[in-house]
1. Mind checking which residues of region 1-13 are in a loop (DSSP other than H, G, I, E, B) and either without any contact (Cβ under 8 Å) to a residue 40 or more places away in the chain or not aliphatic (A, V, I, L, M) (or both)?
2. Going residue by residue through region 251-270, is there one that turns out to be of a type in the set (Gly, Ala, Ser), out of contact with any helix residue (DSSP H, G or I) (no Cβ under 9 Å at 6 or more places or on another chain) and under 27 Å from Asp106 (Cα atoms)?
3. Out of (1) among the aliphatic types (A, V, I, L, M); (2) assigned to a helix (DSSP H, G or I); (3) touching a residue at least 24 places away in the same chain (Cβ under 8 Å), the odd one out for Ala72 is which?
4. Are there any pairs, at least 6 apart or on different chains, whose C-beta atoms fall under 9 Å, with the first in region 93-119 and free of Cβ contacts under 8 Å to residues at least 24 places away in the same chain and the second in a helix (DSSP H, G or I), and if so, which?
5. Tell me which helices (runs of 4 or more DSSP H) are completely within region 218-303 and hold 2 or more residues being small (Gly, Ala, Ser) and over 30 Å from Ala27 (Cα atoms), or say none if there are none.
6. Any chance region 76-89 includes a residue that's among the hydroxyl-bearing types (Ser, Thr, Tyr), at pLDDT 95 or above, part of a loop (DSSP other than H, G, I, E, B) and under 28 Å from Val169 (Cα atoms)?
7. Would a scan of region 110-132 turn up a residue that is part of a loop (DSSP other than H, G, I, E, B) and at positive phi?
8. If you go through region 130-160, how many residues are surrounded by 21 or more Cβ atoms within 10 Å (Cβ to Cβ) and without any contact (Cβ under 8 Å) to a residue 40 or more places away in the chain?
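The values are calculated or read from the model by the stated rules, or taken from the named source; none is laboratory data. Quick caveat, the model's predicted, so the values are computed rather than measured. Ideal geometry is used to build each Cβ from the backbone, glycine not excepted, and the neighbour counts take in all protein chains shown.
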Amino acid sequence: MKLGTAHTAVITGAASGFGLEACRIAAARGTNVVMADVQADALATAVAEIEATGVAVLAQRVDVSSAEQVDALAAATAQRFGAPHFVFNNAGVGGGGLVWEQSLKDWDWVLGVNLMGVVHGVRAFTPMMLAAAAVDPQWHGHIVNTASMAGLLNAPNMGVYNVSKHAVVAMSETLHQDLSLVTEQVHAHVLCPFFVPTGIHQSQRNRPAALADADARPTRSQLIAQAMSEQAVSKGKVSAAQVVQWVFDAMDEGRFYIYSHPRALAMVQTRLEDIMEGRNPSDPFAAKPELGANLRAALRDAA
């Protein structure tokens, strides 16, 4: 199915990054767009842009970590447009630092958005998509979950983020298999981008007060992780618009895995060979040992 007119796209994290680019491409195809984001002011600006293209837009402020809010989004979508043809479970946040230094609130926040946000989207929208497919043999739909290359690798000092994204990859692969048991009309895909300028390194701005450690100062490892993330993301040469075009291409072509940096798969191959051969995990800095040396020195000097 090629997404176009008379179709509907549901996009979380719609106010920036991959989400906003997905809204733009969907609108250019004449698709109805359901836009959800936790940041109300940014969402309002994005909605004005998409509405100016002339497509029908439904906008809702949604914290995807809340099952009730995602359920409400699904109900509003069904009432306005019926079952969506494209669900982009895309909202996500960053997080890093030595894995034992993550507080319970850090885990609750990152897993709540990155993992449970996808869980809630799959749970809320898949049944209505399957119901639409059951009554119309010509109906087709796609669910795309945003994971990360961090869902296929385990870079040091990024534990909480790695865990959340590995879970999204596992869920997406299982969703693909589960859907294949019951239908040929609804398809799953997983997006695994590497370093792309999307603003994810600024996601702390949307952290709920209830999940903030108000009295705790960031640890040395967390500050280092934040600085490394900002540098890597801001210097990314592949744009969010390019990546999202590849998402639409993958849906059009029926491809499950979507990568922004295919060359990074060499590191995935090394990891899988480590597993198959029973080796200890390979040095992630083997190609750039100076980076590993600098990170170790910075962390040990702080000890």
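1. Of everything in region 1-13, those that are in a loop (DSSP other than H, G, I, E, B) and either without any contact (Cβ under 8 Å) to a residue 40 or more places away in the chain or not aliphatic (A, V, I, L, M) (or both) turn out to be Lys2, Gly4, Thr5, Ala6, His7, Gly13.
2. Checked region 251-270: no residue is of a type in the set (Gly, Ala, Ser), out of contact with any helix residue (DSSP H, G or I) (no Cβ under 9 Å at 6 or more places or on another chain) and under 27 Å from Asp106 (Cα atoms).
3. Unmet for Ala72, out of (1) among the aliphatic types (A, V, I, L, M); (2) assigned to a helix (DSSP H, G or I); (3) touching a residue at least 24 places away in the same chain (Cβ under 8 Å): (3).
4. Trp100/Gly159
5. Working: elements: 220-234, 240-253, 265-277, 289-301.
The qualifying helices (runs of 4 or more DSSP H) are 220-234, 289-301.
6. No, region 76-89 contains no residue that is among the hydroxyl-bearing types (Ser, Thr, Tyr), at pLDDT 95 or above, part of a loop (DSSP other than H, G, I, E, B) and under 28 Å from Val169 (Cα atoms).
7. The answer is no; no qualifying residue exists.
8. Matching residues across region 130-160 total 1.
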